[in-house]
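One structure is given below, encoded as C-alpha cells.
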Amino acid sequence: MQKIKPLDHLILILGALFLCTPVVMALMSSTHAAIDIHSNGLFLTPGSHGAETYTKVLTSRGGFTGDVTGLLMLTNSMIMGLGFAIGKIALSMMAAYALVYFRFRFATLIFWAIFATLLLPLEVRIMPSYQVMSELHLLNTYTGLIVPLLASATGTFFFRQFFRSVPDELLEAARIDGAGPVKFFIDVLVPLSKTMMAAIFIIMFIYGWNQYLWPLLMTTDESFFTLMRGIKSILQVWVGSQIPDYNEAFALAVLAMVPPVAVVVIFQRMFIKGLTESDK
Amino acid sequence: MAHLSLTNVGKTYGGSAQAAVADVNIEIKDGEFIVLVGPSGCGKSTLLRMVAGLETISQGEIRIGERLVNQLDPAERDIAMVFQNYALYPHMSVRDNMAYGLKNRGESKAVIEERVAEAARMLELRPYLDRKPRALSGGQRQRVAMGRAIVRQPSAFLFDEPLSNLDAKLRVSMRMEIRKLQRRLGTTSLYVTHDQLEAMTLADRLVVLNGGRVEQIGAPLEVYRAPASTFVASFIGAPAMCLLDAQVENGTVMLEGHALAPVAQAAGPVTLGLRAEDLRITPGGVPMRVDHIEELGAQRIVHGYVGDQALAMIDTSEAPLPETVHLGVAPARVHLFDAQSGRRIEAAAQPVAVPAE
Ligand SMILES: Nc1ncnc2c1ncn2[C@@H]1O[C@H](COP(=O)(O)OP(=O)(O)O)[C@@H](O)[C@H]1O
Ligand SMILES: [Mg+2]
C-alpha cells in the first residue's frame, strides 16, 4: 500500500472542484429568479424557483411562431444525437467490414482517402454541403440534418482496427459452418464489436447532441430547433430594458447535460463490462 | 463418410515464385486416419486448407467421395475442421457454437438438439453446454471444437495441429481421445501436425511432407522401419536417427574404418542411418568416444563420437560406462541412403516386414 500523501489529495480535490463548480453553479442558479441572478450574480446555494423554471422551460411556447417548447427542442436534440450515433456506427461498421474482409483493388488507398477526410472538418466544407442539401430540397428535414454528417472516418478507423484483430480462423470456421458474408457480419462480427460500438456510441451521441453550426444553417423552421439553438435564442432577447432569462438559460443548459451524462453512464458500464469479460 | 483423393495437387501463393505445395497424390480410404507430418512451413496447413476449401487449388484435383470439390465453397464440401486456436465463437455458448453450422444448414430444432446432446455426451461436455468458451479450459475448448465438427456428421474431419496449444500431459490424453473418437465414428480424417510422436501414435498412414512435396506415405511402423529418405529418417523417431558418412567395401559397411555390418550393396560412399535404440554395446564393435549422457530413468541416451561424427545410442543398463564403448547393430537395422540424393537404398537391409530380433 502506498502512503497517503496530503499534497496529492489537495491537488486532486482542487482539480475536482475546478471541474465541478461551474456545473453546480449552473444547477443552483437555475433555481433562482432571473432578477436575483441579475443583481446578485451566480449562486452556489439552491433557490426556491426550481420547479417553476423547469416547467416553464419545458412546456412554455416560445419563438416567433410561438410553437417551440423545451420538450420539442429536447426531442430534436435527441433525434440528432441518436441519429448520429446509430447512423455513424452502422455506416462505419459496414465500410470497415468491406475494407477488411473483401479483397478489392486499392482497398488501402481507399482507406487512407477516408482517413484523410478527418482533415476536412464540417466547418471547412459547410457551404458546399449546404448547397447540396438545398438543391436536394432537404433543408428543414431530419434527413438533411443527419445524413450529410454520417460518414465517419474516426468510426471507420476504429472498426477497421478492431476487425483486423479478430482472428482469421473465426471467419474460416464460419465459412465452414455455412455462414455467408452477411451472416458472418451479423452473427459474429456485430456481437463481437459490442464494446467498440458502445465506445463509439458515446462519442458520436455527444458529437450529434452538441451540433450547433450545421442545424443553425440547415433549419429555419422552428420545429426543428435543437436545445443548443434554444439556449442561444433565450439569451438573445436584449430588447429594451428586459432582463435576459438567465435562470431559463441555465435550466436549459442543465437539461442539455442530462442525456449525454446518461449515455456515458449507461454505456460506460457496458463498455467496462465488455472489456473485462472478453479476454479472447 | 467417404474416401478422399488428391491428384497432382499443387499450390502457389500469389506473389511467390516457389510452390508451397507441389505434386501431391494421396488416396485416402473411407474411415482412414491420415496424418500429414513435416517441419514448420512445409505446406501441411496449405494442403489441408485446400481440402477444406479455404485456399484455392492452383493445380490438380481434390475429390471427396466421388465429388470433385475444387470449385465448391467450404460449407458445400461436407467437411468439418478443427483449428489450432479452436476458433470458437466467443460470444456464443458451447451449445450455440456446436449448433451454429446446423442452424445455417436449416436443420430442424429437434435434430440440432439431439445431435448436440449426443456430441456433448460423447465429449463429456454436458455440464458446460451453457457456458461461454472463455469460461472453459484449453482442453475443454478443444473438445467443444471437436463437438462442433462431430455434430455436422461430415464426410471428413480436418484437423490443423489441434493439440499444439495444450500442455504436454493434456496433449497425450487428448490424442488418445481423438483416436478413440475417430475409430468409433469411422469418419475419414486428415490430421496435420509437426510432432512426429503425435503422428506415429495417431495415424493409420503417415504422409511425410518436405518443402511442399511428399517424401513418403506409409503406415507409421513402415515409415519408421524403412524411411524413404534421409529427411524422413531424421524426422521420424526420437531421438532422431543419426546419419553418418560411411563406405561400403566388399559387402561390408565401414564406419570410420571399422566394420559395422554386412550389406548387399556395391562398394562406394553411402549415408549410413543408425537409430539410437538399435545400437547395442558389443565387444569388438565400432568404438565410440562417450561425450555426455542423458539420464531418462528407464533408459539413458549416450551421446558420443565415432571419429568426428556424432552418434547416439540408448542404453538400458545402469552400470557406469567406460570412456569408449564398442557398438554393434543387427544388419536388418542398418539403413543406407544414397550419399548424393539421400534416397533410401532398398537392398540395404533385410526385408522390413519381418522385424529382426
Ligand atoms: N497466405 C499465404 N501467402 C503466401 N505464402 C504463404 C501463405 N500461407 C503460407 N504461405 C507459405 O507457404 C508455405 C507453407 O506454409 P504452411 O502450409 O502454413 O506450412 P505448415 O503448416 O506446414 O507450417 C510457407 O513457406 C509459407 O510461408
Ligand atoms: Mg501450419
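The values are calculated or read from the model by the stated rules, or taken from the named source; none is laboratory data. What you are looking at is a predicted structure, and each value in this text was computed from that prediction instead of being measured. We place every Cβ from the backbone using ideal geometry, glycine too, and count neighbours over all the protein chains shown. Surface accessibility is based on the protein's heavy atoms, side chains included, excluding ligands, DNA and RNA. Shrake-Rupley method; radii C 1.70, N 1.55, O 1.52, S 1.80 Å.
Observations
- Members of the stretch B:57-93 found to be away from chain A (no Cβ under 14 Å) and not polar (S, T, N, Q), listed by number: B:ILE57, B:GLY60, B:GLU61, B:ILE62, B:ARG63, B:GLY65, B:GLU66, B:ARG67, B:LEU68
- Test for B:GLU114: is it farther than 20 Å from B:LEU170 by Cβ and either part of a helix (DSSP H, G or I) or touching a residue at least 40 places away in the same chain (Cβ under 8 Å) (or both): yes
- Qualifying residue in the stretch B:38-59 (condition: near ligand 1 (Cβ under 7 Å from one of its atoms), more than 24 Å from B:VAL232 (Cβ to Cβ) and free of Cβ contacts under 8 Å to residues at least 12 places away in the same chain): no
- Residue satisfying all of: in the stretch B:117-151; polar (S, T, N, Q) and part of a helix (DSSP H, G or I); surrounded by the most Cβ atoms within 10 Å (Cβ to Cβ) among these: B:GLN142
- Here the condition is being more than 29 Å from B:PHE157 (Cβ to Cβ), in the same structural domain as B:VAL325 (by TED's automatic domain parsing), among the polar types (S, T, N, Q) and open to solvent by 50 Å² or more (accessible area, probe 1.4 Å); of B:THR252, B:THR282, B:THR271, it holds for B:THR282 alone.
- Any chance B:LEU88 is closer than 30 Å to B:ARG134 by Cα, at pLDDT 95 or above and in a loop (DSSP other than H, G, I, E, B): yes
- Residue in the stretch B:98-111 that is under 22 Å from B:LYS180 (Cα atoms) and in contact (Cβ under 8 Å) with a residue 12 or more places away in the chain present: yes
- Some residue of the stretch A:41-54 being among the hydroxyl-bearing types (Ser, Thr, Tyr) and in contact with a Pro (Cβ under 8 Å, 6 or more places away or on another chain): no
- For the stretch A:184-237, filtered to residues that are under 30 Å from A:SER165 (Cβ atoms), more than 17 Å from the chain's Cα centre (by Cα) and not aliphatic (A, V, I, L, M), the residue that is surrounded by the most Cβ atoms within 10 Å (Cβ to Cβ) is A:SER193.
- Within the stretch B:28-67, the set of residues being among the polar types (S, T, N, Q), within 17 Å of A:ARG175 (Cα to Cα) and away from ligand 2 (no atom under 13 Å from the Cβ) comprises B:THR56 only.
- Checked against the criterion of being part of a loop (DSSP other than H, G, I, E, B), more than 16 Å from ligand 2 (Cβ to nearest atom) and open to solvent by less than 80 Å² (accessible area, probe 1.4 Å), the candidates B:ASN70, B:ASN25 yield just one match: B:ASN70.
- Residues of the stretch B:1-20 satisfying the condition of being surrounded by fewer than 20 Cβ atoms within 10 Å (Cβ to Cβ) and touching a Lys or Arg at 6+ places or on another chain (Cβ under 7 Å): B:HIS3, B:SER5, B:ALA19
- Any hit, the stretch B:175-182, residues being away from every other protein chain (no Cβ under 13 Å) and on the phi > 0 side of the Ramachandran plot: no
- Taking residues in the stretch A:40-56 that are free of Cβ contacts under 8 Å to residues at least 12 places away in the same chain, and partners anywhere that are exposed (fewer than 13 other Cβ atoms within 10 Å of the Cβ) and not in a helix (DSSP H, G or I), not one pair has Cβ atoms closer than 6 Å while being at least 6 places apart or on different chains.
Table: residues versus (1) within 16 Å of B:ALA149 (Cα to Cα); (2) within 13 Å of ligand 1 (Cβ to nearest atom); (3) not in a strand (DSSP E or B).
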site: B:LEU166; (1), (2), (3): no, no, yes
site: B:LYS169; (1), (2), (3): no, no, yes
site: B:ARG184; (1), (2), (3): yes, no, yes
site: B:TYR191; (1), (2), (3): yes, yes, no
site: B:LEU197; (1), (2), (3): no, no, yes
site: B:LEU206; (1), (2), (3): no, no, no
